[in-house]
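Encoded as structure tokens, the structure appears first; notes follow it.
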Amino acid sequence: MRAMALGLALLSSGAMASEWHHVTKPTSGEGSAIGSYANGCLSGGQPLPLDGEGYQVIRTSRERYYGHPNMITFLQDLGKRVNRAGIDDLLIGDISMPRGGNFVSGHQSHQTGLDADIWMLMADRKMSLQERESLSALNMVDLKNYRIQFKNWTEDHANIVRFAAEDVRVSRIFVHPVIKETLCRGTWEDRSWLRKIRPWYGHTSHMHVRLTCPQGDAYCKNQAAPPPGDGCGKELYSWRPKAPPKEQGQQQSGVKELRGNQKPARVVKIKPQQCEAVLTGS
């Protein structure tokens, strides 16, 4: 029991971040998401092919293009739908590392292979891997005036978000509140998908897509469903700042905005016991 307790302690998010980072290949076997989006791991992950119909993977040197098989299939399906609609290629950013787990920097979630970042910047041609390493993001939000950057935002962007949200595999999609407001103003025949669009600071140049736990993944922990309705009313407008928003440092989905002198509580998360075998197995 003491050895097991020690092992679980070593799997705390801070202690083991570098361990997950240095794993170079996924485990064998069927895909399985274990734990929660911000405290878990990935067994049997698959790499997303770096080029596919309607998409290109960027910043491949980071090796964050592994995901649960459901995520890989979802991204490929989304790329095909985008391509059929005559929209330029999606640029796929971080998904997960080969066995999920904690990133050294950049995310608290993306740990189970069920989260993926899709940039608002799109590609009108096939780019080399070297070109994809140094791309600059396309900011969609004028933070000073708290409004959309109309010079950047297009109907294609709105449709890409809609295409993703309409997929039954998707649990929610995080975007900046201004992007959510812009989508809410659209004259959509069906507005049900807007429920999945969740406002969160920091997502000015990409959307963060999160899938539900796959059927049969017994150790996967779903997030609570979004509230009923399209989310375009009082809840959304409560995000409007009384003062200009301070965006720096608020890039993490699942971390509440801190105001004034409030300091984040330091919480040590212990991973599910199954993650020890994922980290050390073959």
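When Ser109 is evaluated against the numbered criteria (1) assigned to a helix (DSSP H, G or I); (2) touching an Asp or Glu at 6+ places or on another chain (Cβ under 9 Å), which criterion, by number, is the only one it fails?
(1)
List every residue pair whose Cβ atoms sit under 9 Å apart, with the two residues 6 or more apart in sequence or on different chains, where the first one lies in region 104-131 and is among the aromatic types (Phe, Trp, Tyr) and the second, anywhere, is at pLDDT 95 or above and in a loop (DSSP other than H, G, I, E, B).
From region 104-131, the pairs are Trp119/Ile58; Trp119/Gly93; Trp119/Leu135; Trp119/Ala137; Trp119/Leu138; Trp119/Ser205.
Can you tell me how many residues in region 56-70 are in a helix (DSSP H, G or I) and within 18 Å of Met120 (Cα to Cα)?
Qualifying residue count, region 56-70: 1.
Restricting attention to region 32-51, which residues are open to solvent by 20 Å² or more (accessible area, probe 1.4 Å) and not polar (S, T, N, Q)?
Answer for region 32-51, where residues must be open to solvent by 20 Å² or more (accessible area, probe 1.4 Å) and not polar (S, T, N, Q): Ala38, Pro47, Pro49, Leu50, Asp51.
Going through region 35-49 one residue at a time, which ones are more than 18 Å from Gly216 (Cβ to Cβ) and either among the charged types (D, E, K, R) or out of contact with any Leu (no Cβ under 8 Å at 6 or more places or on another chain) (or both)?
Selection gives Ala38, Asn39, Pro47, Pro49.
For Thr73, only one of the following conditions fails: (1) part of a loop (DSSP other than H, G, I, E, B); (2) open to solvent by 10 Å² or more (accessible area, probe 1.4 Å); (3) among the β-branched types (Val, Ile, Thr). What is its number?
(1)
The values are calculated or read from the model by the stated rules, or taken from the named source; none is laboratory data. Quantities reported herein were computed from a predicted structural model and do not represent experimental measurements. Every residue, glycine as well, gets a Cβ built from its backbone with ideal geometry; the counts of neighbours run over all protein chains shown. To get the accessible areas, we keep the full protein, side chains included, count just its heavy atoms, and leave off ligands, DNA and RNA. Shrake-Rupley method; radii C 1.70, N 1.55, O 1.52, S 1.80 Å.
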